[in-house]
Amino acid sequence: MVMNKFENKLTLHSFEDASLLKEYRAITGSAVGDKEREGDLKTPEGIYFIERRVPQKKLFKLHGPAAVELNYPNSVDRIFRRSGDGIWIHGVDNEDRMKKRFDTRGCIALSNKDILDLVGRLTYQDIPIVIHEKNIEDVKIGLTPLNSPTHRRVEEWAAAWSSKNLESYLSFYSSDFYSKGMNFDKWTSYKKRLNQKYQSIKVSIEDLKILRHGKYAVAVFRQKYRGDSYSVIGRKRLYLIGEGANALILAEESIDDSVSN
């Protein structure tokens, strides 16, 4: 999904080729701009993922007939100390609200007909939404074409870790990196220990897709990890700043904690 706040437009695209599947009118936070703190009435801008459909018993009249919850704040938001939570895509208590442009507490709202249509189309497995202020010339938003420089960068990252070349592997990370309670220095120490523990490491990635936003990109893929007699398969996200061969990893997320490092 892509949410253009300026145009009040939420679009649903194929995750295979980015083709347009559906377009909805949508309204966002009553305060204009990128969310910074709890209660500022702004809708966050960045790349987020649907975590779940909100149970009916947790909905108020304000939310209409259905809602899905986004993973705000994500790993990048936490690095930059953005606060708040409870960012949903939901319906409305009064359809007249949809005549406005900005009229929520920070969530994204659709008409009740459209929210029911949307939730009926979602699979709830790694569904991303790219939220941005407006289209800017030369700033690419959404799904990155296959075999882009950033795709190659992620594949090179996996190859560096498989080679056990620690210096090369760590060169893919930003000095501002933070993940799983570790900053870059602690991450370095952690990876050194693993590098010494395993005689061999093999990391391969499948189904790699990269989403772009003006602030950062997110690589989503299925990872196979093998270290000596230990192996695990799971989904992973890398948050990247910079473009192509210069992209650096700012944060990592293992989905459902199913990916070992």
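Please treat every number below as a calculation from the coordinates, not as lab data. Since this is a predicted model, take the numbers as computed values, not measurements. All Cβ positions, even for glycine, are placed from backbone atoms using ideal geometry, and neighbour counts span all protein chains on display.
Think of region 2-138 as a dipole: +1 on every Lys or Arg Cβ, -1 on every Asp or Glu Cβ, centred on the Cα centre; then among Gly39, Phe15, Gly120, Gly39 lies furthest on the positive end. Computed across the chain, the Kirkwood hydrodynamic radius from all distinct Cα-Cα pairs reaches 19.4 Å. Here the residues Met3, Met98, ranked from fewest to most Cβ neighbours within 10 Å of their Cβ, fall in the order Met98, Met3.
Placing R0 at 22 angstrom, the Cβ-Cβ distance between Ser30 and Arg52 gives a FRET efficiency of 0.30 after rounding to 0.05. Relative to the longest principal axis of the Cα atoms of the chain, helix 112-121 runs at roughly 30 degrees.
Think of each Lys and Arg Cβ as +1 and each Asp and Glu Cβ as -1; about the Cα centre, that makes the dipole of region 4-140 roughly 480 debye. The modelled label-to-label distance for the pair Tyr190/Lys134, using points 7 Å beyond Cα in the direction of Cβ, is 4.1 nm.
When the chain is treated as a GNM with alpha-carbon contacts under 10 Å, the residue of Lys100, Lys58, Lys35 showing the greatest mean-square fluctuation is Lys58.
The Cα trace of region 144-257 gives Rg and Dmax of 13.5, 41 Å, the first to one decimal, the second as a whole number. Magnitude of the charge dipole for the chain, about its Cα centre and with charges confined to Cβ atoms of Lys, Arg (+1) and Asp, Glu (-1), is about 520 debye. The sum of -39500 (n - 2.57) across all DSSP H runs of n ≥ 4, divided by the residue count of the chain, sets its helix-only mean residue ellipticity at 222 nm to -5500 deg cm²/dmol. With r defined as the distance between the Cβ atoms of Ile233 and Arg78 and R0 fixed at 22 Å, what FRET efficiency is calculated, to the nearest 0.05? FRET efficiency, Ile233 to Arg78: 0.25. Can you tally the net charge around Phe15? Count Lys and Arg as +1, Asp and Glu as -1, for every other residue whose Cβ sits under 11 Å from the Cβ of Phe15. Summing Lys and Arg as +1 and Asp and Glu as -1 gives -3. Projecting the Cα positions of Gly242, Tyr230, Leu170 onto the charge dipole of region 144-257 (unit charges on Cβ atoms of Lys, Arg, Asp and Glu, taken about the Cα centre) puts Tyr230 furthest along the positive direction. Separation between the Arg121 and Glu243 pseudo-spin-labels, each 7 Å from Cα along Cα→Cβ, expressed in nm? Once both label points are built, they end up 3.0 nm from each other.
For region 144-257, a simple Cβ point-charge model (Lys and Arg +1, Asp and Glu -1, everything else neutral) yields a dipole of about 200 debye relative to the Cα centre. Cβ-to-Cβ counts within 10 Å put Ile89, Ile79 in ascending order as Ile79, Ile89, the fewest first.
Neighbour counts of C-beta atoms inside 10 Å place His151, His132 in the sequence His151, His132, starting with the fewest. Of the peptides 193-200, 111-118, the order by per-residue mean of other Cβ atoms within 10 Å, starting with the highest, comes out as 111-118, 193-200. Treating each Cα of region 2-138 as an identical point scatterer and summing with the Debye formula, the log10 of I(q)/I(0) at q = 0.14, 0.20 Å⁻¹ comes to -0.59, -1.28.
Legend: residue pairs Lys192/Lys236; Lys9/Lys99; Lys5/Lys236; Lys202/Lys236; Lys9/Lys42, Cα-Cα distance threshold 24 Å; pairs beyond threshold, Lys5/Lys236. Label sites at Leu20 and Lys197, each approximated as a point 7 angstrom past Cα along Cα to Cβ, lie 5.0 nm apart.
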